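Visitor: Structure provided below as structure tokens; questions to follow.
The values are calculated or read from the model by the stated rules, or taken from the named source; none is laboratory data. Small disclaimer: the values here were computed from a predicted structure and weren't measured. Neighbour counts run over all protein chains shown; Cβ positions are idealised from the backbone, glycine included.
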Amino acid sequence: MKKLNIGLFGFGNVGHGLYDVLKRINSTNVSIKRICVRHTDKERGVKAEFTTDPEEIFADEDINLIVEVIDDADAAYDIVKRALKNRIPVVSGNKKMLGHHLPELIDLQEQYNTALLYDASACGSIPVIRNLEEYYDNDLLCSVKGILNGSSNFILSKIFNENMGYKEALKLAQDLGFAESNPTLDIDGWDSLFKLIIVTVHAFGVYVAPDEIFTYGISTMNDADIRFAKEKDRRIKLVAHVEKFDDRLIMCVIPQLISRNKYIYSVEDEFNGVVIKGLFYDKQFMFGRGAGGHPTGSAVLSDITACSYNYRYEYKKLNDSVLPKYTTDHIFRVYFRYKTAEQRNLLNFLKIREQYSSEEYNYIVGDVSVANLKAHQEELRTADCFVAAYPFD
């Protein structure tokens with residue numbers, strides 16, 4: 001096990017969490033040599049060497065591992081790319097950057113024979129990426145689905161368990177540091193999307209670009225939708241979903257009306273829950289904290305420890321001779337709440353199973369294609385309406 005001297009980029013919630021975890025375990029094999037931040041005059045309450053100049057990290061010959069935990073995807077991309085080209089192993093927690101650039105970064109790892117690890121980028125403390133990479137065979141794996149965003153799940157838990165209003169629950173999540181002042185990344189599904197893209201690469205060996213995947217969150221949900229879910233004895237959860245059907249692969253992020261018999265029904269607060277389904281082993285469930293500095297910091301430490309043993313993702317599934325093809329040709333039963341006739345016609349229902357109309361509240365339960373949902377994604381986001389998948393079981 002080699003000694004690691006870390007050049008750390010970012011000292012926010014996760015960076016500080018990593019620092020605390022390292023201090024707690026008192027490791028002699030891992031130390032943070034230097035930390036690059038935007039401003040050095042901020043009081044952080046720790047004894048460390050801070051800089052605002054990335055060159056001081058890349059020029060330091062003692063630093064043999066780069067760790068980036070910043071929230072700027074473009075800057076994270078530059079850091080990771082430069083580290084790989086300099087043949088310095090790198091750990092990243094930036095799921096947005098990885099979701100957009102993973103194929104290029106995989107090629108750079110091969111070209112420069114240097115490792116990039118990012119288990120911490122998806123599902124916080126749950127080691128889902130390494131498990132999919134090492135354990136679950138592509139031919140036997142059927143689906144991966146679950147709650148990949150702790151912030152939105154915290155909000156929904158408060159709504160369904162404590163009868164909070166949506167705005168009140170969002171404010172509490174912001175006050176506790178689970179959601180940003182601009183919560184769009186979490187509540188509109190983008191954070192879950194980027195994690196889903198990363199998970200899919202390791203589960204099925206297929207990369208799909210973000211703009212090709214139907215992504216829809218909970219920002220337009222209202223009290224009527226919550227009441228409908230409760231009347232049906234279900235809960236609304238924001239679910240990321242990838243599933244293989246023979247030679248086809250579907251992916252989406254969408255709120256779902258979850259019944260009591262599902263594992264993720266009881267996943268509460270900032271926790272994540274991932275259900276992995278196989279052809280012969282049925283379902284397996286992974287559960288853990290998906291948000292917070294210390295849980296994510298410990299996941300970063302797991303990546304760091306793996307680097308000390310020269311671990312690398314092998315991406316074996318990317319080289320399978322026959323890979324499933326991504327498609328939006330799939331049918332979901334959905335609940336769709338709308339206000340106007342124009343909104344009513346946004347979705348082309350193949351079959352209507354239930355409907356209700358009044359001056360204040362209109363909804364349809366019926367079958368629509370993922371392609372139809374994707375075609376009207378932007379209108380669904382901005383209109384006074386809400387759509388959620390409504391599984392039969």
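Visitor: Taking the conditions exactly as written (over 16 Å from the mean Cα position of the chain (by Cα), surrounded by fewer than 21 Cβ atoms within 10 Å (Cβ to Cβ), of a type outside the set (S, T, N, Q) and closer than 27 Å to N319 by Cβ), does E61 satisfy them or not?
Guide: Values: over 16 Å from the mean Cα position of the chain (by Cα): yes; surrounded by fewer than 21 Cβ atoms within 10 Å (Cβ to Cβ): yes; of a type outside the set (S, T, N, Q): yes; closer than 27 Å to N319 by Cβ: no.
Criteria not met by E61.
Visitor: Answer with yes or no whether L193 is outside any strand (DSSP E or B), farther than 17 Å from C252 by Cβ and under 17 Å from the mean Cα position of the chain (by Cα).
Guide: Details: outside any strand (DSSP E or B): yes; farther than 17 Å from C252 by Cβ: no; under 17 Å from the mean Cα position of the chain (by Cα): yes.
No: the conditions fail for L193.
Visitor: Kindly indicate which of I70, I35 is free of Cβ contacts under 8 Å to residues at least 40 places away in the same chain and under 18 Å from L301 (Cβ atoms).
Guide: Values: I70 fails: free of Cβ contacts under 8 Å to residues at least 40 places away in the same chain.
Just a single option satisfies the conditions, and that option is I35.
Visitor: Return a yes/no flag: does the stretch 6-19 have any residue that is of a type outside the set (A, V, I, L, M), free of Cβ contacts under 8 Å to residues at least 24 places away in the same chain and in contact with a strand residue (DSSP E or B) (Cβ under 8 Å, 6 or more places away or on another chain).
Guide: Within the stretch 6-19 (the criterion being of a type outside the set (A, V, I, L, M), free of Cβ contacts under 8 Å to residues at least 24 places away in the same chain and in contact with a strand residue (DSSP E or B) (Cβ under 8 Å, 6 or more places away or on another chain)), the answer is no, since none of the residues qualifies.
Visitor: Sticking with this one: Being more than 24 Å from G17 (Cβ to Cβ), in the same structural domain as N13 (by TED's automatic domain parsing), without any contact (Cβ under 8 Å) to a residue 40 or more places away in the chain and crowded, with 22+ Cβ neighbours inside 10 Å narrows it down to one of L84, L108, so name that one. Lay out the reasoning, then the answer.
Guide: Values: L108 fails: crowded, with 22+ Cβ neighbours inside 10 Å.
Of the residues listed, the single one that is more than 24 Å from G17 (Cβ to Cβ), in the same structural domain as N13 (by TED's automatic domain parsing), without any contact (Cβ under 8 Å) to a residue 40 or more places away in the chain and crowded, with 22+ Cβ neighbours inside 10 Å is L84.
Visitor: Scan the stretch 291-304 and tell me whether some residue there is of a type in the set (D, E, K, R) and farther than 27 Å from D107 by Cβ. Outline the logic, then answer.
Guide: Initially, the stretch 291-304 is screened for residues of a type in the set (D, E, K, R), giving 303.
Now drop any that are not farther than 27 Å from D107 by Cβ, which leaves none.
Checked the stretch 291-304: no residue is of a type in the set (D, E, K, R) and farther than 27 Å from D107 by Cβ.
Visitor: Further question: Of all residues in the stretch 111-158 being of a type in the set (V, I, T) and in contact (Cβ under 8 Å) with a residue 60 or more places away in the chain, which is nearest to N86 (Cα to Cα)?
Guide: Of the stretch 111-158, the ones of a type in the set (V, I, T) are 114, 126, 128-129, 144, 147, 155.
Keeping just the survivors that are in contact (Cβ under 8 Å) with a residue 60 or more places away in the chain gives 126, 128-129, 144, 147, 155.
Numbers: I126: 30, V128: 28, I129: 25, V144: 35, I147: 36, I155: 42 Å.
Among them, the one singled out is I129.
Visitor: Then there's this: Give R44, R38 a once-over and let me know the one that is under 30 Å from D211 (Cβ atoms) and assigned to a loop (DSSP other than H, G, I, E, B).
Guide: Selected residue: R38, the only one of R44, R38 that is under 30 Å from D211 (Cβ atoms) and assigned to a loop (DSSP other than H, G, I, E, B).
Visitor: Still on this structure, please answer the following. From the list I147, I129, I79, I66, exactly one residue is under 23 Å from E243 (Cβ atoms), crowded, with 24+ Cβ neighbours inside 10 Å and at pLDDT 95 or above. Which is it? Can you show your working first?
Guide: On the way: I129 fails: at pLDDT 95 or above; I79 fails: under 23 Å from E243 (Cβ atoms); I66 fails: under 23 Å from E243 (Cβ atoms).
Criteria check complete, one pass: I147.
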